[in-house]
Amino acid sequence: MASTGLQPTTTVTFRATGSKPSQVHVFAKGGRKWIVASDVCHILGIRTDAVTKLVPEPERGHATVLSKGTVQSVTIVTATGFNLLVAQSSKPVAKALHEWMVGE
């Protein structure tokens, strides 16, 4: 499982037609984009504790991130892990979220 030190995040706002804006925290480490899993799970309606079952170890990890001026310990996923989470949702927002992330 990937582990990282304190990471400042970049906050990007996702908004699908007919939904409220949602913040997604991302950062780059080791040449890879990492995404805070709870942000994605919240948008997709997936329980955050399911990430360990849905995303294999090489594509997930834990990080201590600096977000909104506070330090938080979070589960993170790579772009591949993100795609695995999106694939679990049948909500229309899942397709919009995937297209949005690919465009970022």
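Sort out which residues of region 1-18 are closer than 20 Å to N83 by Cβ, surrounded by fewer than 17 Cβ atoms within 10 Å (Cβ to Cβ) and small (G, A, S), and write them in order of number.
Residues satisfying the conditions do not exist here.
How many residues does region 51-77 hold that are farther than 17 Å from T11 by Cβ, in contact (Cβ under 8 Å) with a residue 60 or more places away in the chain and surrounded by 17 or more Cβ atoms within 10 Å (Cβ to Cβ)?
Residues in region 51-77 being farther than 17 Å from T11 by Cβ, in contact (Cβ under 8 Å) with a residue 60 or more places away in the chain and surrounded by 17 or more Cβ atoms within 10 Å (Cβ to Cβ): 1 in total.
Within region 1-91, considering only helices (runs of 4 or more DSSP H) that don't extend past its boundaries, which have at least 2 residues that are more than 18 Å from V102 (Cβ to Cβ) and in contact with a strand residue (DSSP E or B) (Cβ under 8 Å, 6 or more places away or on another chain)?
37-44, 51-54
Scan region 11-36 and report the pairs whose first residue is on the phi < 0 side of the Ramachandran plot and touching a residue at least 40 places away in the same chain (Cβ under 8 Å) and whose second residue is among the small types (G, A, S) and surrounded by 11 or more Cβ atoms within 10 Å (Cβ to Cβ), with Cβ atoms within less than 7 Å and a gap of 6+ or a chain change.
That search, which allows pairs on different chains as well, returns F14/S22; A16/A96; H25/S67; K33/A79; W34/A63.
Filter region 92-104 down to the residues that are part of a helix (DSSP H, G or I) and among the acidic types (D, E) and list them by number.
Of everything in region 92-104, just one residue is part of a helix (DSSP H, G or I) and among the acidic types (D, E), namely E99.
Return yes when D39 is free of Cβ contacts under 8 Å to residues at least 24 places away in the same chain and surrounded by fewer than 15 Cβ atoms within 10 Å (Cβ to Cβ) and no when it is not.
No, not satisfied.
Of everything in region 84-100, what is free of Cβ contacts under 8 Å to residues at least 24 places away in the same chain and either within 21 Å of T11 (Cβ to Cβ) or crowded, with 18+ Cβ neighbours inside 10 Å (or both)? Give them in sequence order.
Matches in region 84-100: H98, E99.
Coordinate-derived values only; no laboratory data. All values derive from a computational prediction rather than experimental measurement. Virtual Cβ from ideal backbone geometry, glycine too; neighbours counted across all protein chains shown.
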